[in-house]
1. Conditions: (1) free of Cβ contacts under 8 Å to residues at least 40 places away in the same chain; (2) part of a loop (DSSP other than H, G, I, E, B). Phe462 meets all but one. Number of the miss?
2. Which condition from (1) more than 24 Å from Glu132 (Cβ to Cβ); (2) buried (at least 22 other Cβ atoms within 10 Å of the Cβ); (3) at pLDDT 95 or above; (4) not charged (D, E, K, R) is the one that Ser57 breaks?
3. Scanning for something surrounded by fewer than 23 Cβ atoms within 10 Å (Cβ to Cβ), out of contact with any strand residue (DSSP E or B) (no Cβ under 7 Å at 6 or more places or on another chain), under 28 Å from Phe30 (Cβ atoms) and modelled with pLDDT of 95 or more, does the stretch 311-334 turn up at least one residue?
4. Need the failing condition index for Lys82 against (1) open to solvent by less than 50 Å² (accessible area, probe 1.4 Å); (2) in contact with a Phe, Trp or Tyr (Cβ under 8 Å, 6 or more places away or on another chain), just the number.
5. Of the conditions (1) buried (at least 18 other Cβ atoms within 10 Å of the Cβ); (2) within 21 Å of the chain's Cα centre (by Cα), Pro11 satisfies every one except a single condition; which number is it?
6. In the stretch 372-397, what count of residues is obtained for those that are in a helix (DSSP H, G or I) and open to solvent by less than 30 Å² (accessible area, probe 1.4 Å)?
7. Can you confirm whether the stretch 353-369 contains a residue that is open to solvent by 50 Å² or more (accessible area, probe 1.4 Å), closer than 17 Å to Thr486 by Cα and in a loop (DSSP other than H, G, I, E, B)?
8. If you scan the stretch 224-237, which residues turn out to be over 24 Å from the mean Cα position of the chain (by Cα) and touching a residue at least 12 places away in the same chain (Cβ under 8 Å)?
Amino acid sequence: MKALLIYPEFPDTFWSFKYVLKFISKKAAFPPLGLLTIGAMLPEKWQKKLVDLNVESLEDEHLAWADMVFLSAMIVQKKSAKEIINRCRSHGKKIVAGGPAFTAQHEEFTGVDHFVLNEAEVTLPLFLHDLEKGEAKKIYTSSLRPEISETPIPLWSLINIHDYAALALQYSRGCPYNCEFCDIVIMNGRKPRSKTPEQMKKEFQALYDTGWRKSVFIVDDNFIGNRQAVKNMLPVLIEWQKEHKYPFMLLTEASTDLANDEDLMQMMSSANFFKVFLGLETPDKESLKECGKYQNSSQNLVEAVHTIHNHGMQVMGGFIVGFDNDTESIFESQIAFIQQIGVVTAMVGVLTALPQTRLWQRLKAEGRLIGGASGENTDGVLNFMPRMGIETLHDGYKKVLSSIYSHKYYYQRIHTFLENYTPTAIRRVGRNDIAAFLKSLWRIGIVSRARFHYWKLLIRTFMKKRMALPIAVELAICGLHYEKITKRICASKPFAHGQGPA
């Protein structure tokens, strides 16, 4: 069997970094970890190829070679996934589809021969068993939450690792919290399941053996969901990093209560974590309670962010406007909050009802749901009727973005961040980093309207916190991407699901 694994193209989003990848000579931000893992789960005797449309084009030769196509996608990749399905059908290829987009709403995709939904550790063996007998069914689904201690190491040989800005691993699935708008508990449950320390050691070694020596994204829903398990694993990782002279800088996602655990922060810092994404959402306590984000409403978020910064980890934050409790004052409050805490990478989106979440179910019962989700956190597309009205919410949202990603406010946040930041990560500066810095001298230091802010940042960081200079340059470069994304959104008119930006 010749299996062609295809990963759809991402649209230009907040996290795509398409505008800055050229600075570091990369084609995409992250590899398709799910498909690489599926590749390792398929029979060893099969021939396998992977085409990531974020890196290369899907050619007719690829399809002519394949006996069967395996397709995985997130909701944001829906448009590209449908185009791939149509093209594969025109070539007479059998299509097997799985992943978040299909698990959430497989009925939206016509032309797929077999849906292998939910977690592949359960459903893929069932499909492969029936396929071998010539009795493969249309849909394979399961509510079982498998232990992931037997999940195989991703098949890294399927890609050119140097096409990507960072590689990725998964340590755990699931999150103990149940935020109303989040689909993590729908996909992966509330009981975090983790890999063993020895298993993670093997996965890091496999990455090391490929020759990779840069950033690694641990893609967990909530890395600290099972805190004791993490504390058992981190000493093994710390020792491995030390033995291999710290080849990887690590980033992940966590909940804000990380700031309450001094031991855990110190261990993560010792393991060479340098970034962590937190769902901060809003400074409004009532809105936090409305969405069930009690882990945020019960603590001082400003102090939490500053504490994590002080332990050598840059906080990247998610923020939301459009809760039922929000009034028009929320937009100024969000701007002030984001500036105060110094979260430079601030992903601000309008509230979205993702399929099957508690929010989706509530809004549907209230008759306020008006369409499916785009899957893009920051495109401004609404799929429900907000209390404050579509135009008010959209105008306020644009005000937040245009403010925080103006040159003045953006560079102010970098300075605020650096004031509280204590660099601890061991960072390898390679040729791509040096080339990116030299490009930034021209692209930002000479050509950009942000040049005054750029030079002030470089000089001030060099004089006061020299070890933080690489991350200061990185944030300045990322600012170009955020600026372009913001301009595109702010040029649009208010629109809801089914419409597009003007």
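1. Condition not satisfied by Phe462: (2).
2. With respect to (1) more than 24 Å from Glu132 (Cβ to Cβ); (2) buried (at least 22 other Cβ atoms within 10 Å of the Cβ); (3) at pLDDT 95 or above; (4) not charged (D, E, K, R), Ser57 is out only on (2).
3. yes
4. Unmet condition: (1).
5. Result: Pro11 fails condition (1) only.
6. The qualifying residues number 4.
7. No; the residues of the stretch 353-369 include none that is open to solvent by 50 Å² or more (accessible area, probe 1.4 Å), closer than 17 Å to Thr486 by Cα and in a loop (DSSP other than H, G, I, E, B).
8. Within the stretch 224-237, Asn232, Pro235, Val236 meet the criteria.
The values are calculated or read from the model by the stated rules, or taken from the named source; none is laboratory data. The model shown is predicted, which means the values in this text are computed figures rather than measured ones. Using ideal geometry, Cβ is built from the backbone for each residue, glycine included, and neighbour counts are taken over all protein chains shown. The protein model used for the area step is the full one, side chains on, heavy atoms only, and it has no ligands, DNA or RNA in it. Shrake-Rupley method; radii C 1.70, N 1.55, O 1.52, S 1.80 Å.
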